[in-house]
Amino acid sequence: MIVALAMAFAFYPLAGLVGHVRRRPRALGLGGVQHLLVIAGLFTTLGLPVYLLFLMITAANVIGPVILGRPLPWLLLQVSTVTIGCCTAVIVVRWWTSRRGCKRADHPRLILVAAGAVLLGWVGYWGLLVP
């Protein structure tokens, strides 16, 4: 699951790089939101297992600084999760309202949205969506 999500989030910048090398025009808009989703998605996908492994190795004796009753790394992961949810929703709404249909240029975007949706379910299981 972790490897699949990391590959899905890394696919968008790699597809853009390949398109740039082949000198293809870039798909319409949303670059900033999509890049933010990639960064937050990779951070959460890799950060959650690393933090949970750290807690297991240290027997949860060292949880990090606590702010508002929660460890700082956990709060950063929660903020990243909220960012993923917002960015995924913005991309879906803008794609839906553009009425362009599903063209080849939209495939990396749709893979990114699918990865965001799967990641939200996964982090929901681990409790990152709990206020």
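Structural remarks
- So residue 64, is it at positive phi and open to solvent by less than 70 Å² (accessible area, probe 1.4 Å): yes
- Candidate set from region 47-61 (those that are open to solvent by less than 60 Å² (accessible area, probe 1.4 Å) and without any contact (Cβ under 8 Å) to a residue 60 or more places away in the chain); member that is nearest to the chain's Cα centre (by Cα): 47
- Residue count for region 67-94, restricted to those that are open to solvent by less than 70 Å² (accessible area, probe 1.4 Å), modelled with pLDDT of 90 or more and not small (Gly, Ala, Ser): 13
The values are calculated or read from the model by the stated rules, or taken from the named source; none is laboratory data. All figures in this text were calculated on a predicted structure; none of them were measured in a lab. In this analysis, Cβ positions are derived from the backbone assuming ideal geometry, glycine residues included, and neighbour counts consider all displayed protein chains. Note: accessible area is taken over every heavy atom of the protein model, side chains too, but ligands, DNA and RNA are not part of it. Shrake-Rupley method; radii C 1.70, N 1.55, O 1.52, S 1.80 Å.
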